[in-house]
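Just so it is clear, none of the values below were taken in a lab; they were calculated from the coordinates. Not measured: the values here are computed from a predicted model. Counting neighbours? That spans all protein chains shown, and the Cβs are built from the backbone with ideal geometry, glycine included.
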Amino acid sequence: MLIKHEIISCERCGKRIECRANNYTRCQCSAVQLSMNEVQYVSELYEGCLCAQCLTDLKEEYRLQLQ
């Protein structure tokens, strides 16, 4: 049985992404490794799914705030 993944828009940039929340290790967002502090930072700004590029950008934004 083929499981169809949901096509959604990134909450930050609007890019169409394939959400694989039911198979997280194969989802595009799993390519971005975030620390607990980075996860908290992102979750304070956004509630929905984000594309890997936006997660990378937010990770860098968080890092720059610490300087």
query = Relative to the Cα centre, what is the charge dipole magnitude of the chain, using +1 at the beta carbon of each Lys and Arg, -1 at the beta carbon of each Asp and Glu, and rounding to the nearest 20 debye?
reply = 300 debye
Nearest 10 degrees, 0 to 90: helix 36-45 Cα axis against the chain principal axis = 80 degrees
request  = Starting from the Cα of residue 15, step 7 Å toward the Cβ, then list every residue of the range 43-60 with an amide N under 12 Å from that point.
outcome  = 50-58
